[in-house]
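K.L.:
Below you'll find the structure I mean.
No lab work stands behind these numbers, since they all come straight from the coordinates. Small disclaimer: the values here were computed from a predicted structure and weren't measured. Cβ atoms come from the backbone with ideal geometry, glycine included; neighbour counts cover every protein chain shown.
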């Protein structure tokens, strides 16, 4: 049966698969979460280092959130392929996804990704946000936080305010926040002119991202990143990500007839030229694998220490017992019966077949 988070959250969270890593996906509405997940499902230019990441279809026996997530991605894939933008995920819908993540020499790992569809930004109270955030983090192994690179064709609107509220929610957790690895993803990185002017390597683009975050004055992403790092610990890494790789602005009319612009991917031989998409997820999986290995090593070390202590205590007890029996035999006050009993108990100590 699915687990229930507190009433403040209202989510019907799917039970966790013990063989899979669970990653929570956070970000404001229109940050590109749906495009992020849809791109994982679409044909992409092969990663330069052989990393792989794809969605796994849901199975009928699984939780409803996986069915809804799979249906949403199929719909979004069709819209992108037809030149339209994916529809925003309705607030209140919890969507879950199965991912298979792999790398050369590392095998394949199962990942459950939970999209909280902007729910954390619906409340104006930082404490309420923090309560919901805490419950979501406790149900997760790692986190992806999406914050988009600002568009040159429109103002930032309420993006700084919404991201600041999310940062304040992390800040409210203080020392009680689970120390999880966090991939801080600056999405829509192809909006940055430097993305098209320099080598598309993770090292080069990450350098540009760090320069962007340290600009004077710093962008609103900087404060959010610092709030997250202060709450969750040092396992926070920045990733520049472009799910489309290349895109063009297309004018369209929304439902009210107002003219707007949307970013449409430019395909290469029928494939998305995504950048950084696999890197962020693989880094999280690798961090979780390291944590798992360290935990197993600690358990093994504790078990070995327990065995050593048990053997040591047994030897100490045996030494004391041996001395006491010898004392009985040597004591002039011991009776013949006491000496006989002590000698019989000492016989095993001189038996070559007895290892003790």
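K.L.:
Going by how many other Cβ atoms sit within 10 Å of their own, how do 208, 136 line up, fewest first? Kindly include the intermediate steps, with their values, before the conclusion.
P.N.:
Values: 208 17, 136 21.
Result, fewest neighbours first: 208, 136.
K.L.:
In nm, what is the difference between 0.36 nm times the number of residues separating residue 30 and residue 326 and their Cα-Cα distance? Could the numbers behind the result be given before it?
P.N.:
On the way: separation 296, 0.36 × 296 = 106.56 nm, distance 8.38 nm.
Computed gain between residue 30 and residue 326 is 98.2 nm.
K.L.:
Quote to one decimal, in nm, the extra length available between residue 106 and residue 269 on full extension: 0.36 nm per residue of separation minus the C-alpha distance between them.
P.N.:
Length gained between residue 106 and residue 269: 55.8 nm.
K.L.:
Multiply the residue gap between residue 210 and residue 161 by 0.36 nm, knock off their C-alpha separation, and tell me the result in nm, one decimal place. List each step's numbers first, then the result.
P.N.:
Details: separation 49, 0.36 × 49 = 17.64 nm, distance 2.16 nm.
Full extension from residue 210 to residue 161 adds 15.5 nm.
K.L.:
Between segment 196-262 and segment 33-81, how far is it from one alpha carbon centroid to the other, in angstrom?
P.N.:
With segment 196-262 and segment 33-81 each reduced to a Cα centre, they are spaced 21 Å.
K.L.:
Further question: Tell me, what is the FRET efficiency for residue 67 and residue 336 to the nearest 0.05, using R0 = 51 angstrom and their Cβ-Cβ distance as r?
P.N.:
Approximately 0.05, to the nearest 0.05.
K.L.:
Using a Förster radius of 51 Å, what is the FRET efficiency between residue 313 and residue 59 based on their Cβ-Cβ separation? Nearest 0.05, please.
P.N.:
Numbers: r = 51 Å, r/R0 = 1.01.
It comes to 0.50.
K.L.:
If you don't mind, there's one more thing I want to ask. Considering the zone a paramagnetic label at residue 248 would reach in this model (a point 7 Å from Cα along the Cα-to-Cβ line), which residues of segment 258-296 have amide N under 11 Å from it?
P.N.:
Backbone N within reach: 264-267.
K.L.:
Would you mind ranking 189, 70 by Cβ crowding within 10 Å, fewest neighbours first?
P.N.:
On the way: 189 24, 70 21.
Fewest-to-most Cβ neighbours within 10 Å comes out as 70, 189.
K.L.:
What ranking of 201, 341 emerges when the number of other C-beta atoms within 10 Å of each C-beta is taken as an exposure proxy, fewest first?
P.N.:
Numbers: 201 12, 341 15.
By the 10 Å Cβ count, ascending: 201, 341.
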